[in-house]
Amino acid sequence: MKMRSSLGRVRGLGSAKDGVGHWWLQRLTAVALVPLVLWFAASIVCQAGGDHAAVTAWLASPFPAITMILLSIATFYHAALGLQVVIEDYVNHEGLRLVAIAAMKLACFALGVAAVFAILKIAL
Amino acid sequence: MATERATGPSRPMSPHLQIYRPQLTSVLSILHRATGVALTVGTLVLVWWLVAAAAGPGPFAAARGFIGSWFGLLILFGWTFALFFHLCNGIRHLFWDAGLGFELKTVYASGWAVVAASGGLTVLAWIVGLFARGS
């Protein structure tokens, strides 16, 4: 028995009214973060406790700069999606939930912009 | 919704979390979410470190001083474990998303593998890191 309207099938958004966009982007950023985080951990460990000259020299080369920018974008995108689910699960009050999610998303965006700007300022 | 919840029939409720005996599966699931939140909080230090590096040697020395203090190193150690745990258990989740590894035996085996791998990677990272710092 066909339970869904043709329009509903075409839109493909389901009962969540949001489709699989959130779920899919959470996985896509997760997959991207696997090599990025392994590279990041190895890089940081190898220059643990480095001074200003060493860290800026490292970030001045194109590969570390580009990879750090990709890591920053993927990290804060992934964090915003994950924290959204946590807030949706634990904040029951509808208005408070809306405000909490909005504040969290703006904070993640601001942190991502700050990280990317800092990397570019050192690299360029 | 809210009015229905307030005046509707009292339905039976599922027992709350503390009723259940902790199992590897539930503990790792809770830890995955907790480390995700902790990692995000920890990115504040990472962004501080990056912005300080961009700002100059003075601000960078302050950030480096905090991270190098006993409190900073304690946070960094926790953050390292959270990072490796969330990474390893996240890979486990990606296998589940692909429809693989759902047999109970496999779920426990992959769970213990995550515990061993994240613990091992944390110790390894700190041994190499402290060695790099000393040299």
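For chain B, what class follows from the C-alpha gyration tensor (a ≥ b ≥ c being the square roots of its eigenvalues): rounded when a/c is under 1.5, otherwise prolate if a/b is larger than b/c, else oblate?
oblate
222 nm [θ] for the protein assembly as shown, helices only, -39500 (n - 2.57) per DSSP H run of 4+, per residue, to 500?
My calculation for the protein assembly as shown gives -28000 deg cm²/dmol from helical runs alone.
So how tilted is helix B:24-55 from the main axis of chain B? Cα-based, degrees 0 to 90, rounded to 10.
With both axes taken from Cα atoms, the answer is about 30 degrees.
Between B:Leu94 and B:Arg21, what length in nm is gained on full extension when 0.36 nm per residue of separation is reduced by their alpha carbon distance?
This chain segment gains 23.6 nm when fully extended.
Ignoring ligands, DNA and RNA, what percent of the 1.4 Å accessible area of chain A is carbon and sulfur?
Answer for chain A is 72 percent, counting heavy atoms of protein chains only.
Dividing the convex hull volume of the Cα atoms of chain A by its residue count, what figure in Å³ per residue is obtained?
Per residue, the Cα convex hull of chain A comes to 162 Å³.
Counting only the backbone N, which residues of region B:37-69 are under 13 Å from the spot 7 Å out from the Cα of B:Arg133 toward its beta-carbon?
Hits in region B:37-69 for B:Arg133 at 13 Å: B:64-69.
Using only the alpha-carbon atoms, how far is helix B:57-68 inclined from the longest principal axis of chain B? Give it as 0 to 90 degrees, nearest 10.
50
Just reorder A:Ser61, B:Ser14 by solvent-accessible area, largest first, 1.4 Å probe, all chains present.
Largest accessible area first, the list is B:Ser14, A:Ser61.
What does the structure give for B:79-85 when I average, per residue, the other chain Cβ atoms found within 10 Å of the residue Cβ?
What the average comes to for B:79-85 is 1.
Using a Gaussian network model of chain A whose springs link C-alpha atoms within less than 10 Å, name the residue from A:Gln84, A:Gln26, A:Gln47 with the highest mean-square fluctuation.
In this elastic network of chain A, the residue with the biggest mean-square fluctuation among A:Gln84, A:Gln26, A:Gln47 is A:Gln47.
Over the protein assembly as shown, with the other protein chains present, what is the accessible area per residue in square angstrom, probe 1.4 angstrom?
62
Can you give the local net charge around A:Asp18? Use residues other than it whose beta-carbon is closer than 13 angstrom to its beta-carbon, Lys and Arg +1, Asp and Glu -1.
+1
Using a Gaussian network for chain B with springs between C-alpha atoms less than 10 Å apart, which of these wobbles most: B:Pro57, B:Pro22, B:Pro12?
Its mean-square fluctuation being the largest, the pick is B:Pro12.
Quick check: with the 1.4 Å probe, what order do B:His86, A:His93 take by accessible area, largest first?
Highest to lowest solvent-accessible surface, that is A:His93, B:His86.
Just the number, please: carbon plus sulfur as a percent of the accessible area of chain B, 1.4 Å probe, no ligands or DNA/RNA counted.
After summing per-atom areas, the C and S share lands at 74 percent.
At a threshold of 8 angstrom on Cα-Cα distance, excluding pairs fewer than six apart, so keeping six or more, what relative contact order does region A:6-123 reach in percent?
32
Would you be so kind as to identify all helices of chain A, as entire DSSP H runs, whose Cα atoms reach 15 Å or more along the helix's own axis and whose mean Kyte-Doolittle hydropathy is at least 0.0?
A:21-46, A:62-90, A:94-123
Report the Cα centroid-to-centroid distance between region B:54-104 and region A:1-80 in angstrom, as an integer.
Taking the Cα centre of each part, region B:54-104 and region A:1-80 sit 14 Å apart.
Compare B:His93, B:His32 by solvent-accessible area with a 1.4 Å probe and give them largest first, with all protein chains kept in place.
Result of the area sort, largest leading: B:His93, B:His32.
Hey, if you put +1 on the Cβ of every Lys and Arg and -1 on every Asp and Glu Cβ in the protein assembly as shown, which of A:Leu106, B:Leu124, B:Pro57 ends up farthest toward the positive end of that dipole?
Value computed over the given set: A:Leu106.
Counting other Cβ atoms within 10 Å, which chymotrypsin sites (Phe, Trp or Tyr not before Pro) in region B:99-135 have at most 14 and lie in a DSSP loop?
Qualifying residues, ordered by number: B:Phe102.
For chain B, modelled as a GNM with alpha-carbon contacts under 10 angstrom, which of B:Gly99, B:Gly72, B:Gly119 fluctuates the most?
B:Gly99
The values are calculated or read from the model by the stated rules, or taken from the named source; none is laboratory data. In this text the structure is predicted, and so the values were computed from the model without any measurement. Here the Cβ is made from the backbone with ideal geometry for all residues, glycine too, and neighbour counts use every protein chain on show. The protein model used for the area step is the full one, side chains on, heavy atoms only, and it has no ligands, DNA or RNA in it. Shrake-Rupley method; radii C 1.70, N 1.55, O 1.52, S 1.80 Å.
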